[in-house]
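The values are calculated or read from the model by the stated rules, or taken from the named source; none is laboratory data. Small disclaimer: the values here were computed from a predicted structure and weren't measured. Positions of Cβ are backbone-derived with ideal geometry, glycine not excepted, and every protein chain shown enters the neighbour counts.
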């Protein structure tokens with residue numbers, strides 16, 4: 001999924017972009033409102049994060065124009081404007097959420113995941129279909145997995161990794177293949193990045209992470225899901 005982040009503060013823009021990229025999103029960055037509108041027309045993102053106070057065109061006007069062009073696209077305001085009237089204006093213009101700066105990473109991720117679930121609700125694509133891996137039921141549309149009565153929260157990248165292993169059941173997937181198909185071919189492979197992500201994912205989905213039954217390590221080759 002592609003996310004457009006429009007924010008004139010470079011530190012905040014980069015921070016939001018890094019969080020989103022780590023979650024598994026393709027991030028487009030705009031430094032002002034006019035650039036945001038141009039990038040929206042060119043790249044057709046799946047949802048948009050907007051600052052309110054931006055040069056060229058402010059976030060409220062960007063939101064208004066985006067809503068007139070695409071009624072369904074989710075829009076989140078990320079702004080230092082904290083008065084109730086500011087939030088009311090943003091929501092009345094059609095925004096789906098309004099996050100006030102400064103914000104925590106966990107809050108941002110939770111709001112983004114909520115928007116992603118709403119995006120998936122409007123899709124009927126195969127990649128949103130529920131599937132099983134052993135005793136684990138993976139629900140991409142909810143960014144969740146279930147084992148009995150237990151619900152496990154997942155990132156978009158977690159889901160993409162699980163989908164990849166499910167689609168290639170019984171095959172050994174090397175690190176380059178996983179990077180290309182999940183992170184993207186433009187991402188420079190780093191074995192430590194992948195191994196750390198697999199390790200964190202195992203802690204959530206495996207009954208015994210030290211003896212994984214779903215994502216097995218094939219030493220010297222990569223990883224495999226046996227079904």
If a residue must be more than 16 Å from residue 141 (Cβ to Cβ) and within 21 Å of the chain's Cα centre (by Cα), how many such residues does the stretch 158-174 contain? 4
All conditions in (1) in contact with a strand residue (DSSP E or B) (Cβ under 8 Å, 6 or more places away or on another chain); (2) buried (at least 17 other Cβ atoms within 10 Å of the Cβ); (3) farther than 25 Å from residue 157 by Cα are true of residue 80 except (2)
If a residue has to be part of a helix (DSSP H, G or I) and either surrounded by fewer than 16 Cβ atoms within 10 Å (Cβ to Cβ) or free of Cβ contacts under 8 Å to residues at least 24 places away in the same chain (or both) to count, how many in the stretch 195-215 make the cut? 7
Residues in the stretch 60-80 that are within 19 Å of residue 116 (Cα to Cα) and not in a strand (DSSP E or B) total 8
Residue hits (the stretch 148-172; in contact (Cβ under 8 Å) with a residue 24 or more places away in the chain and in a strand (DSSP E or B)) are 152, 153, 172
Go through the residues of the stretch 161-180 one by one and say whether even a single one is at pLDDT below 95 and buried (at least 18 other Cβ atoms within 10 Å of the Cβ). yes
As an exercise: evaluate residue 100 against (1) modelled with pLDDT of 90 or more; (2) in the same structural domain as residue 46 (by TED's automatic domain parsing) and give the number of the one condition it does not meet. (1)
Going by what's in this entry, would residue 218 be described as modelled with pLDDT of 95 or more, surrounded by fewer than 13 Cβ atoms within 10 Å (Cβ to Cβ) and touching a strand residue (DSSP E or B) at 6+ places or on another chain (Cβ under 7 Å)? yes
Kindly indicate which of 67, 117 is at pLDDT below 90, farther than 28 Å from residue 160 by Cβ and either assigned by TED's automatic domain parsing to the domain that holds residue 17 or buried (at least 18 other Cβ atoms within 10 Å of the Cβ) (or both). 67
